[in-house]
Amino acid sequence: MPRRDPNRVWELVDRYRALADRFPHFGVCELGLVERFGQRFPILAGTYGTGPKRVIILAGTHGDEIAGPLALCEFWERESGHGLAEQFQFAFLPLINPHGYARGIRGNGVVDLNRHFDRPRSQPENDIALGYLRRRRAELLVSLHEDVTSRCFYMYESGVRDRRLFSRIIADDTALLDALESDGFAVCAGDHVDGNYNRSGLVVSNPGAGRARRSGALEPTLMRLGTIRRVVGFETPGLQPLADRIGQQQQALRHVLRSFLV
């Protein structure tokens, strides 16, 4: 389990502010402050790029899934000067659940936020996040998660209805999973992961299905609102070393963005 450390929230905040100072077309703003347990943390939003492809990236919905927020921050620090601004328009929430992240817990200390996005007024974090994302439209949403009890990587793919496009996307997702295995990372091979049918590391889900609608999760909520058309979710294995998980998140994110340009 991650250590309890409020300073790590401020470390991320400082790194994002430094990025905004360093790179043109990189913006960071404070959407709001959330106070719990005597501590007040900001929820940040970022934008980057002026290109034609619109992408939303989410990280840190669950506070104990620490690889996603760290991987996304490192991704910007390494990639922001390498042509992405001309190719994409990014909008991203780098740490939706700062109190959970500070305490090393899944929820915010009250509830699991990702079971309450269908009731945003119940939690200020969700209200802030949905208020921001409702004003955005994107062809692709990438969601960085972890399975803290897993030793292997798997991913979700949902939203695409066009048969020809779907066929190409599945082939590309398979290429990503093959690349991770070639690099020595374990990919989940069991029949099921987290109650979903698993196709050798790929879970193709339907955000309109009853289970998804009832889950209160952010991604199907945004699908129903018409904010996004396609969701790709990464689940890195929490039982592997943190450096490996960060590397898998970054490799997967780069792969999906490259394929999205085609």
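The values are calculated or read from the model by the stated rules, or taken from the named source; none is laboratory data. Being a predicted model, the structure only gives us computed values, none of them experimental. All Cβ positions, even for glycine, are placed from backbone atoms using ideal geometry, and neighbour counts span all protein chains on display.
Restricting the search to the range 147-169, which residues are under 13 Å from N198 (Cα atoms) and part of a strand (DSSP E or B)?
Residues satisfying the conditions are F153, Y154, M155, Y156, E157.
Is there a residue being closer than 14 Å to A138 by Cβ and of a type in the set (D, E, K, R) anywhere in the range 63-73?
Checked against the condition, which is being closer than 14 Å to A138 by Cβ and of a type in the set (D, E, K, R), the range 63-73 yields no hits at all.
Quick one: count up the residues across the range 131-186 that are at positive phi and either surrounded by fewer than 21 Cβ atoms within 10 Å (Cβ to Cβ) or not assigned by TED's automatic domain parsing to the domain that holds L218 (or both).
1
Give the number of residues within the range 215-249 that are crowded, with 20+ Cβ neighbours inside 10 Å and either β-branched (V, I, T) or not assigned by TED's automatic domain parsing to the domain that holds T149 (or both).
Selection size over the range 215-249: 6.
Does V204 meet the test of being crowded, with 21+ Cβ neighbours inside 10 Å and part of a strand (DSSP E or B)?
Here the answer is no, as V204 does not meet what is asked.
Go over the candidates R137, R164, R121 one by one and state the one that is within 24 Å of F41 (Cα to Cα) and more than 15 Å from the chain's Cα centre (by Cα).
R121
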